[in-house]
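Below you'll find the structure, written out as structure tokens, and then a few comments.
The values are calculated or read from the model by the stated rules, or taken from the named source; none is laboratory data. Computed from a predicted model, the values in this text were never measured in an experiment. Cβ atoms come from the backbone with ideal geometry, glycine included; neighbour counts cover every protein chain shown.
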Amino acid sequence: MVEMAALEICAGFAILVAALLAVFYAVSVYNGIIRLRNNIGKAWSNIDVLLKQRSDLIPNLVDTVKGYMKHEKGVLAEITRLRTSVLKGSPAEKAKASEKITESLKTLFAVAENYPKLRASENFLDLQNKLTAVENQIADRREFYNDSVLLFNTRIQMIPDSIIAALLGMKPKEYFSAKESGKKLVEVQFG
């Protein structure tokens, strides 16, 4: 009888320990997933700040270039239109608009090669250098963002973490990547 009671106590204790370990593991997984999700949010905020900085530089660039590039009004109008679209929308929409701005800026800088006075302008060179620096920072931040997305997506898709992620309604995040058109070299032809 005493032995039976001792076995019941041991079994009850083992069940309690197993339940506590399961709860501890679930909380640990939950906290890890939340940490990764918040890291993605932080990474995106860093990109968003840089997109805003670049957008703030664009009106100055357009004003500087307008006087020199009378024949390239289409490029300038496109850059201005895209500037407003990069400031609103979801991260995916901002990423697409950002890619298009990058392509348009490459075109603008390539076209500027045909205007020696513009290339010699200190204001233009300063803006070009600032935009290039911001583009490089965006690329660095995009890499950090994509690394964060990779870690998050991997974690929520691996068993047993995927079970907890599914219960929490966690879905894979989208990468911030260049589309095929953004990987091509810009070709500029002068009439």
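When you scan segment 80-91, do you find a residue that is closer than 30 Å to Arg35 by Cα, at pLDDT 90 or above and in a helix (DSSP H, G or I), even just one? There is no residue in segment 80-91 that is closer than 30 Å to Arg35 by Cα, at pLDDT 90 or above and in a helix (DSSP H, G or I). On the given criteria, is Val2 of a type outside the set (Lys, Arg), at pLDDT below 95 and either exposed (fewer than 10 other Cβ atoms within 10 Å of the Cβ) or on the phi > 0 side of the Ramachandran plot (or both)? Criteria met by Val2. Cβ-Cβ distances below 6 Å connect the following pairs, each with a first residue in segment 86-97 that is in contact (Cβ under 8 Å) with a residue 40 or more places away in the chain, a second residue that is surrounded by 12 or more Cβ atoms within 10 Å (Cβ to Cβ), and a separation of six or more residues or different chains: Pro91/Trp44; Ala92/Glu174; Lys94/Val86; Ala95/Phe176.
Taken across segment 40-53, residues that are more than 34 Å from the chain's Cα centre (by Cα), assigned to a helix (DSSP H, G or I) and not aliphatic (A, V, I, L, M) do not occur at all. Any residue at all in segment 144-163 that's among the acidic types (Asp, Glu), exposed (fewer than 12 other Cβ atoms within 10 Å of the Cβ) and part of a helix (DSSP H, G or I)? Checked against the condition, which is being among the acidic types (Asp, Glu), exposed (fewer than 12 other Cβ atoms within 10 Å of the Cβ) and part of a helix (DSSP H, G or I), segment 144-163 yields no hits at all.
The condition (being among the hydrophobic types (A, V, I, L, M, F, W, C), under 30 Å from Pro172 (Cβ atoms), modelled with pLDDT under 95 and loosely packed, with under 13 Cβ neighbours inside 10 Å) is satisfied by just one residue among Ala22, Ala26: Ala22. Being under 28 Å from Thr154 (Cβ atoms) and modelled with pLDDT under 95 is a property that Ala11 lacks. Would segment 57-68 turn up any residue that is exposed (fewer than 13 other Cβ atoms within 10 Å of the Cβ) and outside any helix (DSSP H, G or I)? Yes. Looking only at segment 40-52, decide whether some residue is buried (at least 19 other Cβ atoms within 10 Å of the Cβ) and in contact with a Leu (Cβ under 8 Å, 6 or more places away or on another chain). For segment 40-52, residues buried (at least 19 other Cβ atoms within 10 Å of the Cβ) and in contact with a Leu (Cβ under 8 Å, 6 or more places away or on another chain): present.
Would you call Ile138 at pLDDT 90 or above and within 22 Å of Glu78 (Cβ to Cβ)? If you could, list the steps in order and put the result at the bottom.
Values: at pLDDT 90 or above: yes; within 22 Å of Glu78 (Cβ to Cβ): yes.
Spelling it out, Ile138 is indeed at pLDDT 90 or above and within 22 Å of Glu78 (Cβ to Cβ).
Entry remark, segment 29-39: residues being loosely packed, with under 15 Cβ neighbours inside 10 Å and either in contact with a Pro (Cβ under 8 Å, 6 or more places away or on another chain) or of a type in the set (Lys, Arg) (or both) number 1 in total.
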